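Participant: Please read through the structure below; I'll follow up with questions.
The values are calculated or read from the model by the stated rules, or taken from the named source; none is laboratory data. Nothing here was measured: the structure is a model prediction, and the numbers come from that model. No Cβ is skipped: glycine too gets one built from the backbone with ideal geometry, and neighbour counts run over all protein chains shown.
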């Protein structure tokens, strides 16, 4: 007696070998083309981030490059499989009965919808992320590899297997063989294509980074708690002072970019060539390596004064920030300084006065020159000096914690009628100089915030140039005096 087998009415589903081989070729070629486009798009986006927005290149390590390559290759392989499946099913459509044809058409429709939906979604997300990355250094806020590694794994898997539930209904036999076969092809193409780099990403990195002063000279940015933000960004002129390891002499100075290396005696001419006229003057943003001796920094500031510029900022990164010191937005943050005017005739006078004996004689400078030597006598004042080994307050050694509390109480008691005289040894590092200067500025910030919270329930910074902002600023002004070279010479002559 003949036994009845399951599905005996259904015609066995067999695909033509030629169709299968052609479909495989379509799969591999389509995946290769899509992968090339994805990688070229990524490299174009990376390169553009070095020229637009914050001009901060997205840098990939070899491991990151390969992982992202595999991700792009797996997406490309899933899309290639979709085209191959469509070809194989369409060429075999009329070889089967009506029920099988209906199932195949249903599979084709769902597969087409899923494929184009994913492409549409990836296109929108890619465009959105592209705009963000080109506008700001978004890599400091979003790192898919570290924050969403599961997404990079599941997205291509879901895309690839989205057609399997319907395709498995078409093939009633050997489902396990089909599943393993297409999975192996998917994995092999993903990991194999991932080793292919259509562009030398390392060469692109080096080409752009070779124009970055912080990268080439390993600029070590100081950190500070107290920071002011430059709002007039159009007027900012960057001046870099870095440690030139190739030369054992003075540090290297760059004006605006890496192609304009200058010497200290050229600063005045470089500023003059900018063509700024009063009252529109630039803000010189000093981006100085922490290893530079302060004596060299003072010489640079003097040359800036000689050029008639009196508004500078000592660029710093934020202390205790989640962002690294090279975060591009830190460029506009730092410790702001207003410099006293420079009078060449005073230097000429001092050169002559130092050649004669002035014992028992009183030196008087015309008030029109606005030197601060006599002006500070009408204020309550303390004097702080920092050297390589110690910090002194009115001639007595102190430590950081005591200095913070004494300065805080002093300003709170006498502000606005106070002055802090800050002397720094020329041989100390710029890092030590900024750390000590930051202590003084931070106490002013602390008092401003305390007063603002008591009066208004808001921090001082949140007022942002309102009337309350100005009132608190006048109540607790920053009066930290650092003697210029001329003023110090006047003090020496008066002793």
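Participant: In the list 476, 433, which residue meets the criterion of being touching a helix residue (DSSP H, G or I) at 6+ places or on another chain (Cβ under 6 Å), under 19 Å from residue 336 (Cα atoms), crowded, with 16+ Cβ neighbours inside 10 Å and modelled with pLDDT of 95 or more?
Facilitator: On the way: 476 fails: modelled with pLDDT of 95 or more.
Exactly one of 476, 433 is touching a helix residue (DSSP H, G or I) at 6+ places or on another chain (Cβ under 6 Å), under 19 Å from residue 336 (Cα atoms), crowded, with 16+ Cβ neighbours inside 10 Å and modelled with pLDDT of 95 or more, namely 433.
Participant: Further, regarding this structure: Select, from 124, 173, the only residue that is exposed (fewer than 14 other Cβ atoms within 10 Å of the Cβ), more than 22 Å from residue 56 (Cα to Cα) and touching a residue at least 40 places away in the same chain (Cβ under 8 Å). So that I can check it myself, show each step before the final result.
Facilitator: Values: 124 fails: touching a residue at least 40 places away in the same chain (Cβ under 8 Å).
Within the list 124, 173, the selection yields 173.
Participant: Follow-up. Kindly indicate whether residue 197 is out of contact with any strand residue (DSSP E or B) (no Cβ under 9 Å at 6 or more places or on another chain), at pLDDT below 75 and assigned by the TED database to the domain that holds residue 27.
Facilitator: In short, no.
To keep it simple, each residue is scored yes or no on (1) without any contact (Cβ under 8 Å) to a residue 60 or more places away in the chain; (2) part of a strand (DSSP E or B); (3) closer than 26 Å to residue 488 by Cα.
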site	(1), (2), (3)
423	no, yes, yes
427	no, no, yes
431	no, no, yes
436	yes, no, yes
439	yes, no, yes
447	yes, no, no
451	yes, no, no
454	yes, no, no
472	yes, no, no
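Participant: Identify all residues within region 24-55 that are crowded, with 20+ Cβ neighbours inside 10 Å and in contact (Cβ under 8 Å) with a residue 60 or more places away in the chain; write none if there are none.
Facilitator: Scanning region 24-55 gives 27, 31, 35, 39, 46, 49, 50.
Participant: When region 284-330 is examined, which residues are found to be crowded, with 19+ Cβ neighbours inside 10 Å and in a strand (DSSP E or B)?
Facilitator: 284, 285, 286, 287, 288, 312, 313, 314, 315, 317
Participant: Would you point out the residue of region 217-256, among those that are part of a helix (DSSP H, G or I) and loosely packed, with under 14 Cβ neighbours inside 10 Å, that is nearest to the chain's Cα centre (by Cα)? I'd like the intermediate steps shown before the answer.
Facilitator: In the first step, residues of region 217-256 are kept if they are part of a helix (DSSP H, G or I); the result is 233-235.
Keeping just the survivors that are loosely packed, with under 14 Cβ neighbours inside 10 Å gives 233-234.
On the way: 233: 16, 234: 19 Å.
Only one residue tops the list, namely 233.
Participant: Still on this structure: Can you name the residue in region 331-345 that is surrounded by 18 or more Cβ atoms within 10 Å (Cβ to Cβ) and in contact with a helix residue (DSSP H, G or I) (Cβ under 7 Å, 6 or more places away or on another chain) and is also farthest from residue 443 (Cα to Cα) among such residues? Spell out the reasoning first.
Facilitator: Going through region 331-345, the residues surrounded by 18 or more Cβ atoms within 10 Å (Cβ to Cβ) turn out to be 331-335, 337, 342.
With in contact with a helix residue (DSSP H, G or I) (Cβ under 7 Å, 6 or more places away or on another chain) added as a condition, the list becomes 332, 335, 342.
Working: 332: 21, 335: 13, 342: 29 Å.
Among them, the one singled out is 342.
Participant: Right, here's the next one. Taking residue 264 as the residue in question, decide whether it is in contact with a helix residue (DSSP H, G or I) (Cβ under 8 Å, 6 or more places away or on another chain), at pLDDT below 95 and buried (at least 19 other Cβ atoms within 10 Å of the Cβ). Full working, then the answer.
Facilitator: Details: in contact with a helix residue (DSSP H, G or I) (Cβ under 8 Å, 6 or more places away or on another chain): yes; at pLDDT below 95: yes; buried (at least 19 other Cβ atoms within 10 Å of the Cβ): no.
Against the criterion (in contact with a helix residue (DSSP H, G or I) (Cβ under 8 Å, 6 or more places away or on another chain), at pLDDT below 95 and buried (at least 19 other Cβ atoms within 10 Å of the Cβ)), residue 264 does not qualify.
Participant: In region 45-75, what count of residues is obtained for those that are within 14 Å of residue 327 (Cα to Cα) and over 22 Å from the mean Cα position of the chain (by Cα)?
Facilitator: Counting residues in region 45-75 that are within 14 Å of residue 327 (Cα to Cα) and over 22 Å from the mean Cα position of the chain (by Cα) gives 0.
Participant: Which residues, taken from region 479-495, are under 17 Å from residue 386 (Cβ atoms) and at pLDDT below 90?
Facilitator: Restricting attention to region 479-495, the residues satisfying the condition of being under 17 Å from residue 386 (Cβ atoms) are 480-483, 488.
Listed by number, the list holds a single entry, 488.
Participant: Give the number of residues within region 270-283 that are touching a helix residue (DSSP H, G or I) at 6+ places or on another chain (Cβ under 9 Å) and part of a loop (DSSP other than H, G, I, E, B). Lay out the reasoning, then the answer.
Facilitator: Let us first name the residues in region 270-283 that are touching a helix residue (DSSP H, G or I) at 6+ places or on another chain (Cβ under 9 Å), namely 271, 276, 280-283.
The next check asks that each one be part of a loop (DSSP other than H, G, I, E, B); those that pass are 276, 280-282.
The qualifying residues number 4.
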